[in-house]
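The values are calculated or read from the model by the stated rules, or taken from the named source; none is laboratory data. Bear in mind that the values here come from a model prediction, so they are computed numbers and not experimental data. Backbone-built Cβ (ideal geometry, glycine too); neighbour counts: all protein chains shown. Note: accessible area is taken over every heavy atom of the protein model, side chains too, but ligands, DNA and RNA are not part of it. Shrake-Rupley method; radii C 1.70, N 1.55, O 1.52, S 1.80 Å.
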Amino acid sequence: MADNSFSDGVPSDSVETAKNASGDAEKLTDQVMQNPQVLAALQERLDNVSHTPSSYIETLPKAVKRRINALKQLQRREFITGDVEPTDAESEWHSENEEEEELAGDMKSKVVIAEKEAAAAEEPNPKGIPEFWFTIFRNVDMLSELVQEYDEPILKHLQDIKVKFSDPGQPMSFVLEFHFEPNDYFTNSVLTKTYKMKSEPDKADPFSFEGPEIVDCEGCTIDWKKGKNVTVKTIKKKQKHKGRGTVRTITKQVPNESFFNFFSPLKASGDGESLDEDSEFTLASDFEIGHFFRERIVPRAVLYFTGEAIEDDDNFEEGEEGEEEELEGDEEGEDEDDAEINPKVRWNFIHT
């Protein structure tokens, strides 16, 4: 006769089967975790997680997190540089989904935090918020694409970016000021970029006016220290004498890709001549970056540091794409050439 005995309401044969399955699962888990390829894959995933803005913030010391929270409320440069410490009230910041965010943050950074706690008996307390602006450059795709590896040590000395607008009665413009601490690369304490704007309708076609537009920009001279100019590189070139046939090697400096070319911009043509297509694209890109600094990066710097503003931007861009596709569907037979936007017209639209 079959054994129908129960243990705590569960058939004994079912209990035995579950125990065997559990033991097999543990053995399988041990075998998998001993596989170097599996461990390497897990480590790669952990590395990728640790490089996201939110997980990076979780690894920062409590003192730095405290300053970041205060910065969200007060937007003060002194918190970044460490010249001023926020009060307890200033450093409190409560998000809408605080509990969920704390749990998610704890799960994602558990390994990283454990390693840091094991490495130091006391939590470090660095001055200010280290590499604040450099982290923003690294987080924002539009900016990180401009930064070369040899630019990074310089940008780590960037302490603040300010926007200053022209006074009433003066030609419309705004200036981006990049404030640097003393460094080994240049003697300037401030690098500037001025964007000139126009807010006048065309007399010949006044109804085409759509608001202020950026029309030109000016950079500044960077006083590089000897051998530290990253905007040029030295190359060697061989030259052969036509008569004697002898060969000599000469060195010359040529332009080098660098973020700091941002301060030596292409000039808009002021003599009525039109720019070629490449120059128009370069100038439009420069205007876009200047606008982005003025309207997004500077006012919301701490949120780009934490990554919160990046998530908002991504959601907004997805919505724009959806609307664009819907409009294109309604405009059947539209000429593709008509859909292209001239950079100057596009800037008119952006600045309304």
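Here the extension length gained between Cys220 and Leu275 equals 17.6 nm, from 0.36 nm per residue of separation less the Cα-Cα distance. His241 contributes about 80 Å² of solvent-accessible surface, heavy atoms of the protein only, 1.4 Å probe.
The residues of segment 196-242 expose, per residue, 78 Å² of accessible area to a 1.4 Å probe.
Using just the C-alpha positions of segment 164-240 as equal point scatterers, what log10 of I(q)/I(0) does the Debye formula give at each q in 0.22 1/Å? Reported log10 I(q)/I(0), two decimals: -1.04. If you sort Arg248, Arg294 by accessible surface, 1.4 Å probe, largest first, the order is Arg248, Arg294. Put a dot 7 Å past the Cα of Thr246, heading toward its Cβ, do the same for Glu295, and the two dots end up 6.2 nm apart. Between Lys228 and Gln253, the distance separating the two model label sites (each 7 Å from Cα on the Cα→Cβ line) works out to 1.4 nm. Convex hull volume of the C-alpha atoms in segment 215-262, normalised per residue: 125 Å³. Per atom type, segment 123-196 shows carbon and sulfur on 48% of its accessible surface, probed at 1.4 Å.
With charges set only on the Cβ (+1 for Lys and Arg, -1 for Asp and Glu), what does the dipole of segment 143-215 come to about its Cα centre, in debye to the nearest 20?
About 300 debye.
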